[in-house]
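Note sheet for the following structure.
Each value in this text was obtained by applying a stated rule to the coordinates, not by laboratory testing. Remember, predicted model here, so these are calculated numbers, not experimental data. As a convention, Cβ positions derive from the backbone with ideal geometry for all residues, glycine included, and neighbour counts pool all protein chains shown.
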Amino acid sequence: MESPHTAKDKPDALRLLEDGPAYRFHDWPNPLLPEVAAGVYTIWREDALIYAGMAGRGFTTEIISGHRAAKIKNKGLRSRLESHWSGRRSGDQFCVYVADRLVLSTLSGEQIAAIAAGELKLDALVRVYVHEHLTYRFCELPDSKSAEALEREVRRGALRAGQPFLNPLHR
């Protein structure tokens with residue numbers, strides 16, 4: 001059965017990424033995310049496009065089918081968004097951007113001192129920010145090649161919302 005988040009063509013994918021259902025990170029996990037999938041996602045703070053990304057690098061339709069047949073779980077879109085949900089900066093460029101561009105400027109001198117002393121974890125503050133302020137939309141695509149191409153277009157400004165704040169791709 002095909003998911004309502006499976007893009008039929010490029011206009012459908014762009015519609016899902018800008019006007020499709022928005023899911024709060026606070027409400028993780030999302031049972032609508034496929035266990036194994038290549039795709040593109042957008043992250044929003046209210047109506048502002050914050051970030052665009054892709055997941056499932058190296059996935060072909062055959063690899064996806066094989067993983068699904070083997071009942072492999074949490075590969076591609078689901079694992080990438082779960083990484084963002086965690087707030088951990090290690091290995092997650094999105095969380096690094098959130099820390100640097102969205103969280104750091106909100107911290108008091110006391111909070112910065114507590115982080116420096118190891119008494120407060122910056123990753124915990126990133127996680128709170130992601131959970132309290134951000135939503136995501138996603139579309140499933142047949143393979144990583146189509147996901148990479150669509151992600152580039154979105155980062156270049158293909159949506160009405162323009163380029164994402166954290167990771168624009170300059171033309």
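Here the calculated FRET efficiency for Arg88 and Lys10, from their Cβ-Cβ distance with R0 = 35 Å, stands at 0.60, rounded to the nearest 0.05.
One decimal place: the segment Glu35-Glu132 gains 32.4 nm when fully extended, by the rule 0.36 nm per residue minus the C-alpha distance. Put in order of Cβ neighbour count within 10 Å, fewest first, the listed residues His170, His26 become His170, His26. A Förster radius of 30 Å, combined with the Cβ-Cβ distance separating Ala114 from Arg45, puts the computed FRET efficiency at roughly 0.75. Close amide H contacts of Thr6 (hydrogens built in the peptide plane, cut-off under 5 Å, sequence separation of 5 or more or a different chain): Glu140. Toward the positive end of the charge dipole of the range 53-139, with +1 on the Cβ of Lys and Arg and -1 on the Cβ of Asp and Glu, the farthest Cα among Ile63, Cys95, Ile115 is that of Ile63. Structure shown: which of Lys8/Lys145; Lys71/Lys145; Lys75/Lys121 lie over 26 Å apart, alpha-carbon to alpha-carbon? In this structure, Lys75/Lys121 lie more than 26 Å apart at Cα. Relative to the Cα centre, the charge distribution of the range 52-171, modelled as +1 at Lys and Arg Cβ and -1 at Asp and Glu Cβ, gives a dipole magnitude of about 420 debye.
Estimated from the Cβ-Cβ distance and a Förster radius of 45 angstrom, the FRET efficiency linking Thr60 and His26 is about 0.85. Using a ≥ b ≥ c from the Cα gyration tensor of the range 42-132 (square roots of the eigenvalues), is it rounded, prolate or oblate, where a/c under 1.5 gives rounded and otherwise the larger of a/b and b/c decides, a/b for prolate? Here the range 42-132 falls in the prolate category.
Identify which of the listed values of log10 I(q)/I(0) by the Debye sum over Cα atoms at q = 0.11, 0.13, 0.18, 0.21 Å⁻¹ was calculated from the structure shown: [x] -0.64, -0.82, -1.15, -1.34; [y] -0.54, -0.75, -1.27, -1.46; [z] -0.46, -0.63, -1.11, -1.41. Checked against the structure: label [z]. Remark: relative contact order (the chain) = 37 percent; criterion is Cα-Cα distance under 8 angstrom and separation of 6 or more residues. The range 100-159 and the range 1-39 have their alpha-carbon centroids 19 Å apart.
From helices alone, the chain scores -11500 deg cm²/dmol at 222 nm; the rule is -39500 (n - 2.57) for each run of n ≥ 4 DSSP H residues, then divide by the residue total.
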